[in-house]
1. Taking the Cα centre of each part, how many Å lie between region 93-110 and region 24-67?
2. Relative contact order of region 5-131: what whole-number percent is it, with Cα pairs under 8 angstrom and at least 6 residues apart?
3. Work out how far the C-alpha atoms of the chain reach from end to end along every principal axis, then list the three figures in whole Å, largest first.
4. Want the number for E94 to A130: 0.36 nm per residue separation, take away the alpha-carbon distance, what's left?
5. As a quick test, which of the pairs K77/K127; K105/K127; K78/K119; K85/K105; K4/K85; K78/K127 have an alpha carbon distance above 27 angstrom in this structure?
6. Kindly identify region 28-87 as rounded, prolate or oblate by the Cα gyration tensor criterion: order the square roots of the eigenvalues as a ≥ b ≥ c, call it rounded if a/c is under 1.5, otherwise compare a/b with b/c, prolate if a/b is larger, else oblate.
7. Starting from region 30-83, pick out the trypsin sites (Lys or Arg not before Pro) whose DSSP state is loop and whose Cβ has at most 10 other Cβ atoms within 10 Å.
8. Taking each pair of distinct Cα atoms in region 76-132 once, what is the resulting Kirkwood hydrodynamic radius in Å?
Amino acid sequence: MAEKVCLQPCLGLRKEAVLARQALYVVHEDLRPETTVLGCGPALNANVQEDVDFINLYPVLAVEACDLDCATRLVDKKGRPVAHKLRVNEAAKELDIALHALPEKHVDVDHPAVQALAKHLAERVDKLLAAG
């Protein structure tokens with residue numbers, strides 16, 4: 001059984017990416033602080049040892065805001081497959097989140113959409129930990 005899950009966020013600027021990052025902060029800081037690490041794309045790209053260790057030690061949950069799959073591709077580039085890829089638009093449909101109604105520039109962590117996505121992501125973390 002895995003000890004932790006590495007949360008690898010999309011770094012895009014679309015509202016879906018902002019929603020995803022905020023939700024991942026909630027997962028890491030509030031919902032699953034003991035069982036997650038929060039990856040950083042620029043640090044991983046620069047081979048910062050901590051971020052390289054994260055993807056080598058733990059299963060990676062990549063959260064993608066568009067079809068470019070930058071988080072997934074970055075982890076793959078480092079020689080590791082992601083354990084699970086979650087697309088924000090698909091999760092939003094499942095959770096009945098109206099992406100078009102989100103603010104353009106920033107979504108606070110207490111926004112209902114952020115909280116709903118965070119709970120959904122926390123469930124994915126639990127499944128990855130159980131799968132080992």
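Every read-out reported here was derived from the displayed coordinates using simple, explicitly stated rules and does not represent laboratory data. Predicted model only: the values in this text are computed from it and were never measured. FYI the Cβ positions are ideal-geometry reconstructions off the backbone, even for glycines, and counts take in every protein chain you see.
1. About 22 Å separates the Cα centre of region 93-110 from the one of region 24-67.
2. Numbers: 191 pairs, mean separation 43.5, N = 127.
Normalised by residue count, the contact order of region 5-131 is 34 percent.
3. 38, 28, 21
4. Details: separation 36, 0.36 × 36 = 12.96 nm, distance 2.25 nm.
Value of the extension gain: 10.7 nm.
5. On the way: K77/K127 25 Å; K105/K127 32 Å; K78/K119 29 Å; K85/K105 24 Å; K4/K85 16 Å; K78/K127 24 Å.
Result: K105/K127; K78/K119 exceed 27 Å.
6. Working: a/c = 1.65, a/b = 1.12, b/c = 1.48.
Because a/c hits 1.5 or more and a/b fails to exceed b/c, region 28-87 counts as oblate.
7. Working: sites: R73, K77, K78; in loops: K78.
The qualifying sites: there are none.
8. Details: mean 1/r = 0.0765 Å⁻¹.
For region 76-132, inverting the mean 1/r across all distinct Cα pairs yields 13.1 Å.
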